[in-house]
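The values are calculated or read from the model by the stated rules, or taken from the named source; none is laboratory data. Computed from a prediction, not measured in an experiment: that's the story for all the values here. A quick note on method: Cβ atoms are made from the backbone with ideal geometry, for glycine too, and the neighbour counts reach across all protein chains shown.
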Amino acid sequence: MGASHTRTEPNEFQDLMDKTGFSVEQIKNLRKRFLQLSGNEETISRENLDSIPALANNPLKKEIINAIFDKRNQHESEVGSFQEIGFEQFLMVMSHFRPPTLKTTPEEKEALRKEKLRFLFNMHDTDNDGTITLDEYRKVVEDLLSKSGAIEPATAKGIADAAMLEVASTNVPHMAPDEFYEGITFEHFEQILKGLEMETRMHIRFLDVGTATMRCGRSTS
Amino acid sequence: MDDLWPVAVGVFQAWMFVVVFFIMLPAMCGLSLGVTSVYIQILVKILEWATLRIQRGRQEQPSVPVPLPNGIIERAGGSMEEEMAPAGAEFSLSDALFFYKEGVESIVDDQVTQRFSSEELASWNLLTRTNHNFRYISLRLTVIWGLGVFVRYGVLFPLRITLTVIGLSWLVIGTTLVGFLPESSVKTWLSELVHVTCYRICARGLSATVHYHNRDNRPQKGGICVSNHTTPIDVVILANDGCYAMVGQVHGGLMGVLQRSMVRSCPHIWFERSEMRDRHAVTNRLRAHVAAKNKLPILIFPEGTCINNTSVMMFKKGSFEIGGTIHPVAIKYDPRFGDAFWNSSKYNMVSYLLRMMTSWAIVVNVWYLPPMTIQEGEDAAQFANRVKSAVAHRGGLLDLDWDGGLKRGKVKDSLKEEQQKKYSSIITGQSDHDSSSLTT
């Protein structure tokens, strides 16, 4: 208020704000991070993400990087994956992890939750046929567990099979013994994770300037 | 034009007179006229005023952003065990969520990448180079900034250049002269004198104010001094207060000249590049030096590369395998007066030194820690970690386990294997009875 010296907020961010729901300051912070990751280029490739040390630690690194480059997560109807992504696409992916604010209506909350579930589903459903098959599921379990011998491969397979069986029995209660359970569809997926608190498990608190202003003890007025 | 020449000569003579008698000679004797401390106090007052002004400006113009020192996301901080295993749950689809969230969090903000670029300040210290986010706030601030530019570039910079040139040439000449003497205690004493005086002059050349703490813990002869590494200037800072044997690669050019002359008077350890690859050769030479108990303490920076002085990264265990007593030292630069970190991928040595000489000043705190030795049942890596934690704790720096070599290289796969093992043990711990029934 008052001082006419404010720089006009770039309208380019207005567009991004509407699409992704981030605030201006969050977008600026993410832009700085984007440039840091890309080495001041306009696009990020998989190699740029590969060089983050903390990510290299993560057993599901491959799935995560694929999700970032997945076209399905861009809220458009394309499939496949990008080779490189620009800042807008980066923001779109990150927007899946935003928590609901106080102003979100219950319908919006439900939509947000569905979005997050869709993101997760896409991470598992790598061939994009609409179902998570046993093979795809096994892949994730294998990645999570150690290959070094803490768990034998048979055990790992057993764990994946058991989990899959449980999903089948919950969702298709009257399956005949010789019927083949094709895979987890999105509806089944939603059903399984119904009780899960998506709001806490899958969000990242992006700091906003409004909440983290640094006020020293001395008042200056 | 002719009458300008004697004027110029006169000015130059007056200049040199001031430099030599008021700065250089007291520096060599280790005295101080107190000008620098007065300067620092004035500077602190000005910076405090500037900070208040900027904060007031922020409240009036809410569009001016605030830098976030701890990263751009707030982490909930749950560990793998807490998130995964509420009272005996088995493997479930939602376990993967923990890893996904952690993964995306590290893409957005991680602890390591930020260590290789300069620290962002909470408030502007009136240097253009730290002006990331600060916009026009008031006229008075801009005037002070302009004055600062004039003082730094017009007054301080020529002074500092002169001092550095004098200091370095004195080092080369002095050590070469001392090198002609035969080996004797006089030679050792003279060489220490030459080294210390020259480093003191160089320190004045950077307007460095160093506060040494716990000087009774200073490294002794036959010991190894380790410290965290921020910049090549660390060497000047430490050598102001004692004589060390330096360790490093043989360089060409100006550095090579310095190295060759230094080694004439006092046994420094310079390695050829080919020798560096052979770890055993390196360790043997260092061992031989330490074993001769009357030689100067070796100065080593076990991080292996420059870190931005907000944290201490992994100490490489090679330095800790030599044996002998380790004397740890913690160095912390005050970022308000100038950014001492050398970002070698961004600036070369010459532009780095120019930036140093046009900062306000360099204010350093050096803490000497009590000596440490390797204990029973400890291997070199654990010992290195123990020393690192002590240094980080004393200097108020963050203690990280990551390798400074990540600046240029990639993470080893074995770290990912650690995470997988941890998760596996959580799962097998719960579903022992289940898995046995499954593997039929």
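Summary table
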item: Unmet requirement for B:Ser345, which otherwise passes all of (1) surrounded by fewer than 16 Cβ atoms within 10 Å (Cβ to Cβ); (2) within 22 Å of B:Ile322 (Cα to Cα); (3) among the small types (Gly, Ala, Ser); result: (2)
item: Complete set of residues in the stretch A:87-139 that are small (Gly, Ala, Ser) and in contact with a strand residue (DSSP E or B) (Cβ under 8 Å, 6 or more places away or on another chain); result: A:Gly130
item: Long-range neighbours under 6 Å by Cβ, at least six apart or interchain, first residue over 14 Å from B:Val363 (Cα atoms) within the stretch B:22-42, second at pLDDT 75 or above and of a type in the set (Ser, Thr, Tyr); result: B:Met28/B:Thr197
item: Residue tally, condition closer than 13 Å to B:Thr231 by Cβ and at pLDDT below 80, over the stretch B:347-364; result: 2
item: Residue within the stretch B:352-368 that is within 17 Å of B:Leu406 (Cβ to Cβ) and either acidic (Asp, Glu) or touching a helix residue (DSSP H, G or I) at 6+ places or on another chain (Cβ under 8 Å) (or both) present; result: no
item: Counted residues, the stretch A:71-95 - those being more than 16 Å from A:Asp15 (Cβ to Cβ) and modelled with pLDDT under 80; result: 9
item: Checklist (1) under 16 Å from the mean Cα position of the chain (by Cα); (2) touching a residue at least 60 places away in the same chain (Cβ under 8 Å) applied to B:Phe320, failing item; result: (1)
item: Segments classed as helices (runs of 4 or more DSSP H), wholly inside the stretch B:375-440, with at least 2 members that are more than 11 Å from every other protein chain (Cβ to nearest Cβ), out of contact with any strand residue (DSSP E or B) (no Cβ under 9 Å at 6 or more places or on another chain) and at pLDDT 70 or above; result: B:380-395
item: Residue count for the stretch A:40-66, restricted to those that are facing another protein chain (nearest Cβ under 8 Å) and not hydroxyl-bearing (Ser, Thr, Tyr); result: 14
item: Subset of the stretch A:28-86 (residues that are touching a residue at least 40 places away in the same chain (Cβ under 8 Å) and in a helix (DSSP H, G or I)); result: A:Asn29, A:Leu30, A:Arg31, A:Phe34, A:Lys62, A:Glu63, A:Ile64, A:Asn66, A:Ala67, A:Arg72, A:Asn73
item: Hits in the stretch B:295-337 - residues which are more than 23 Å from B:Ile237 (Cα to Cα) and either of a type in the set (Val, Ile, Thr) or surrounded by fewer than 16 Cβ atoms within 10 Å (Cβ to Cβ) (or both); result: B:Lys317, B:Ile322, B:Gly323
item: Single residue of the stretch A:93-117 satisfying the filter (under 13 Å from A:Asn73 (Cα atoms) and surrounded by fewer than 18 Cβ atoms within 10 Å (Cβ to Cβ)) that is nearest to the chain's Cα centre (by Cα); result: A:Glu115
item: Residue within the stretch B:181-199 that is buried (at least 21 other Cβ atoms within 10 Å of the Cβ), touching a strand residue (DSSP E or B) at 6+ places or on another chain (Cβ under 8 Å) and part of a helix (DSSP H, G or I) present; result: no
item: Looking only at the stretch B:240-254, and only at residues there that are touching a Phe, Trp or Tyr at 6+ places or on another chain (Cβ under 7 Å) and outside any loop (DSSP other than H, G, I, E, B), the one that is surrounded by the fewest Cβ atoms within 10 Å (Cβ to Cβ); result: B:Gln249
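Condition check ((1) in contact (Cβ under 8 Å) with a residue 40 or more places away in the chain; (2) in a helix (DSSP H, G or I)) across all residues:
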position: B:Cys202; (1), (2): no, yes
position: B:Gln220; (1), (2): yes, no
position: B:Cys225; (1), (2): yes, no
position: B:His229; (1), (2): yes, no
position: B:Leu238; (1), (2): yes, yes
